[in-house]
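Down below is the structure, laid out as structure tokens.
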Amino acid sequence: MNIAVITGASSGIGKEICFAIQDRIPAVEEFWLFSRRKDELQKIANQLFCPTRIFSYDLTEKEGIEEYRSALTKDKPSILFLVNAAGFGKLGETEKLSESEQLKMIDLNCKALTAFTVYSLPFMRRKSRIIQIASAAAFLPQREFSVYAATKSYVYSFSLSLREELREREIGVTAVCPGPVDTEFFKVAGNEGKLRFAKSFFMAKPKKVAMQALMDSVLKRPVSVYGFSMKLFYAMSRVIPDFILIKFLRKFYT
């Protein structure tokens, strides 16, 4: 049984990647979808042509991760695609954000992603693909996104390192690094008035980001960056010292 495993599948990029895989990867025979919101997962399952298993869990808790591990051990599927799209961010000064919120970011964005990746690897084969949803925030430390940007830097680095480890097995790993995307992210992040310019100028549609991510994954690209502006930012981050770019970004937080 060839499956696609998608976390954060109830909305945003995770949701759109479900449909992108369905439309373009006919070898996938079943979807395993993870999110806290069971009702939203069911709506997506009703729109998918393949059989779909719903796992409604908060992945910052161990229960959902262990349930995934147990399902893999029991069913022994062949994972064609693993998409780690679950994640969230909180905007604000580190001292003012609650400790619990910041630790939950680490739990979901880093620990859950790592656990799903590690548990999936024994069930992946040649030409399987891993898509890790990082962020353009991975390229540069960002004021008032300190923990979030750090978690995405982890995802970016982990993905590129893992890609090299899996090269001989011909398992591809792609880090997806979009800028602002028109999802629920900023509603959850809070302080929606901040980053107003960045949101209005750089905002991308999740469907387009998802389609680009899938294409880049199939083409074995290590990094997927959607849109000219974000590709330019990525290139700048490679050659311009961090302290200069950090000063430049300050104006977006006012």
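The values are calculated or read from the model by the stated rules, or taken from the named source; none is laboratory data. Keep in mind that what you see is a predicted model, and the values were worked out from it rather than measured. Don't worry about glycine lacking a Cβ; one is built from the backbone with ideal geometry, like all the others, and counts go over all protein chains shown.
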Evaluation of residue 128 against (1) of a type in the set (Ser, Thr, Tyr); (2) touching a residue at least 24 places away in the same chain (Cβ under 8 Å); (3) under 23 Å from residue 61 (Cα atoms) (one fails), failing number: (3)
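Return yes when residue 6 is of a type in the set (Val, Ile, Thr) and over 24 Å from residue 177 (Cβ atoms) and no when it is not.
On the way: of a type in the set (Val, Ile, Thr): yes; over 24 Å from residue 177 (Cβ atoms): no.
For residue 6, the condition - of a type in the set (Val, Ile, Thr) and over 24 Å from residue 177 (Cβ atoms) - is not met.
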Test: residue in region 74-92 that is charged (D, E, K, R), in contact with a Phe, Trp or Tyr (Cβ under 8 Å, 6 or more places away or on another chain), outside any helix (DSSP H, G or I) and crowded, with 18+ Cβ neighbours inside 10 Å: yes
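State whether the residues of region 50-65 include one that is among the charged types (D, E, K, R), crowded, with 21+ Cβ neighbours inside 10 Å and within 20 Å of the chain's Cα centre (by Cα).
Filtering region 50-65 for residues among the charged types (D, E, K, R) gives 53, 58, 61-63.
In the following step, the residues that additionally are crowded, with 21+ Cβ neighbours inside 10 Å were identified as none.
There is no residue in region 50-65 that is among the charged types (D, E, K, R), crowded, with 21+ Cβ neighbours inside 10 Å and within 20 Å of the chain's Cα centre (by Cα).
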Residue 104, sole failed condition from (1) of a type in the set (Lys, Arg); (2) in contact with a Lys or Arg (Cβ under 7 Å, 6 or more places away or on another chain); (3) under 21 Å from residue 13 (Cβ atoms): (2)
Helices (runs of 4 or more DSSP H) enclosed by region 138-254 - at least 3 residues per element that are at pLDDT 90 or above, small (Gly, Ala, Ser) and surrounded by 12 or more Cβ atoms within 10 Å (Cβ to Cβ): 146-165, 206-218
Lone qualifier among 71, 9, 20 - being of a type in the set (A, V, I, L, M, F, W, C) and over 30 Å from residue 103 (Cβ atoms): 20
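Table: residues versus (1) among the charged types (D, E, K, R); (2) free of Cβ contacts under 8 Å to residues at least 40 places away in the same chain; (3) outside any helix (DSSP H, G or I); (4) touching a Gly at 6+ places or on another chain (Cβ under 7 Å).
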residue: 22; (1), (2), (3), (4): no, yes, no, no
residue: 28; (1), (2), (3), (4): no, no, yes, no
residue: 41; (1), (2), (3), (4): no, yes, no, no
residue: 44; (1), (2), (3), (4): no, yes, no, no
residue: 53; (1), (2), (3), (4): yes, yes, yes, no
residue: 60; (1), (2), (3), (4): no, no, yes, no
residue: 71; (1), (2), (3), (4): no, yes, no, no
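Before we move on, is residue 72 within 27 Å of residue 179 (Cβ to Cβ) and of a type in the set (A, V, I, L, M)?
It is false that residue 72 is within 27 Å of residue 179 (Cβ to Cβ) and of a type in the set (A, V, I, L, M).
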Complete set of residues in region 1-20 that are of a type in the set (Lys, Arg) and in a strand (DSSP E or B): none
Extreme residue, surrounded by the most Cβ atoms within 10 Å (Cβ to Cβ), among residues of region 116-137 that are under 14 Å from the mean Cα position of the chain (by Cα) and assigned to a helix (DSSP H, G or I): 136
Scan of region 30-39 for residues that are outside any helix (DSSP H, G or I) and surrounded by fewer than 19 Cβ atoms within 10 Å (Cβ to Cβ), ordered by number: 30, 36, 37
